[in-house]
1. Among the residues of the range 116-136, write down those that are over 15 Å from ARG92 (Cβ atoms) and of a type in the set (Gly, Ala, Ser).
2. Which condition breaks for GLU118 when tested against (1) open to solvent by 40 Å² or more (accessible area, probe 1.4 Å); (2) of a type outside the set (A, V, I, L, M); (3) under 20 Å from VAL155 (Cα atoms)?
3. Tell me, please, whether a residue that is surrounded by fewer than 18 Cβ atoms within 10 Å (Cβ to Cβ), in a helix (DSSP H, G or I) and hydroxyl-bearing (Ser, Thr, Tyr) can be found in the range 207-215.
4. Using beta carbons and a limit of 7 Å, which pairs, at least six apart or on different chains, have the first residue in the range 34-56 and open to solvent by 10 Å² or more (accessible area, probe 1.4 Å) and the second one more than 10 Å from ligand 2 (Cβ to nearest atom) and aromatic (Phe, Trp, Tyr)?
5. I'm told VAL196 meets every condition in (1) assigned to a helix (DSSP H, G or I); (2) modelled with pLDDT of 90 or more; (3) away from ligand 2 (no atom under 16 Å from the Cβ) except one. Can you identify the failing condition by its number?
6. Out of curiosity, is GLU61 modelled with pLDDT under 95 and surrounded by fewer than 20 Cβ atoms within 10 Å (Cβ to Cβ)?
7. Among ARG110, ARG129, which is open to solvent by 10 Å² or more (accessible area, probe 1.4 Å), out of contact with any Lys or Arg (no Cβ under 6 Å at 6 or more places or on another chain) and away from ligand 2 (no atom under 16 Å from the Cβ)?
8. Please enumerate the residues belonging to the range 140-173 that are part of a helix (DSSP H, G or I), surrounded by 19 or more Cβ atoms within 10 Å (Cβ to Cβ) and of a type in the set (A, V, I, L, M, F, W, C).
Amino acid sequence: MAILEASHLVKRFGAVTAVRDLSLTVREGEVVGLLGPNGAGKSTTLHMLLGLITPDAGGIELFGLELARHRTEALSQVNFAASYVDLPGVLRVHEVLDVFARLYALRRPRERVAEVIELFELGAIARRRVLGLSSGQRTRVQLAKALLNAPRLLVLDEPTANLDPDAGDRIRGLLSRLARENGSAMLITSHNMREVERMCDRIHFMADGLVVATGSAEELAGRYEAEDLEEVFLKVARG
Ligand SMILES: Nc1ncnc2c1ncn2[C@@H]1O[C@H](COP(=O)(O)OP(=O)(O)O)[C@@H](O)[C@H]1O
Ligand SMILES: [Mg+2]
């Protein structure tokens with residue numbers, strides 16, 4: 001079953017058409033990659049799916065609910081993390097999580113905060129201020145925040161950008177485990193093709209505001225007569 005269905009989305013910023021006719025789906029429990037060169041429209045697409053910006057045309061259904069009409073209900077089962085979103089730096093890690101747990105109106109906020117601290121191995125830094133954390137630690141806090149409401153759909157915009165190979169690998173391991181154990185569906189953007197090959201069941205390839213190809217990494221490699229996803233990317237990006 002599709003838990004996310006976007007059809008014919010369009011988004012313009014003045015003279016720039018960032019997304020021109022975009023359709024994509026994410027099914028229950030599926031890890032989907034959204035790939036494409038810088039400026040292809042990936043972040044704009046994610047922001048529309050999250051209700052952060054309003055499409056100029058097209059429709060979005062989350063869990064069978066039309067986003068425009070059932071915003072609160074639909075978004076209560078979604079969460080988001082991105083390399084470019086800043087957490088309040090003066091707060092301590094446990095305070096950040098506590099604030100979001102309350103914003104989400106969780107029934108047992110304290111217990112849930114303790115759970116995500118455990119899950120993302122944040123115990124040792126729970127009392128530290130966000131400001132002084134390393135990129136890897138901040139990413140783990142971001143992901144912990146994004147898991148608080150146990151979302152059925154987790155949207156991640158370049159979650160491993162800014163991370164060294166070791167920290168990136170740890171995050172990938174955690175995300176794969178989450179997908180397996182919690183069955184959360186994920187929609188992920190990344191420029192790390194090995195990461196996408198390893199994590200994603202299916203890929204939507206974007207160029208110039210459109211999805212130009214959809215399939216598993218192997219299917220896409222076959223279709224583009226490429227060795228791997230990296231070569232597919234180069235072929236798609238260079239037209
Ligand atoms: N708020 C905005 N105002 C004006 N132009 C924007 C805005 N957001 C994105 N764009 C433009 O839309 C296009 C797609 O951007 P984006 O969705 O960020 O691409 P990606 O995430 O794939 O790199 C780019 O040309 C970008 O400059
Ligand atoms: Mg982007």
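1. Those that are over 15 Å from ARG92 (Cβ atoms) and of a type in the set (Gly, Ala, Ser): SER134, SER135, GLY136.
2. Result: GLU118 passes all but (3).
3. Taking every residue of the range 207-215 in turn, none turns out to be surrounded by fewer than 18 Cβ atoms within 10 Å (Cβ to Cβ), in a helix (DSSP H, G or I) and hydroxyl-bearing (Ser, Thr, Tyr).
4. That search, which allows pairs on different chains as well, returns LEU50/PHE80.
5. Exception for VAL196: condition (3).
6. So GLU61 fails the test.
7. On the way: ARG129 fails: out of contact with any Lys or Arg (no Cβ under 6 Å at 6 or more places or on another chain).
Only one candidate passes the filter, namely ARG110.
8. Listed by number, the residues that qualify are VAL141, LEU143, ALA144, ALA146, LEU147, ILE171.
The values are calculated or read from the model by the stated rules, or taken from the named source; none is laboratory data. The shown structure was predicted, so the numbers you read here are calculated from the model rather than taken from an experiment. Note: ideal-geometry Cβ built from the backbone for every residue, glycine included; neighbour counts use all protein chains shown. Surface areas here come from the heavy atoms of the whole protein model, side chains and all, with no ligands, DNA or RNA. Shrake-Rupley method; radii C 1.70, N 1.55, O 1.52, S 1.80 Å.
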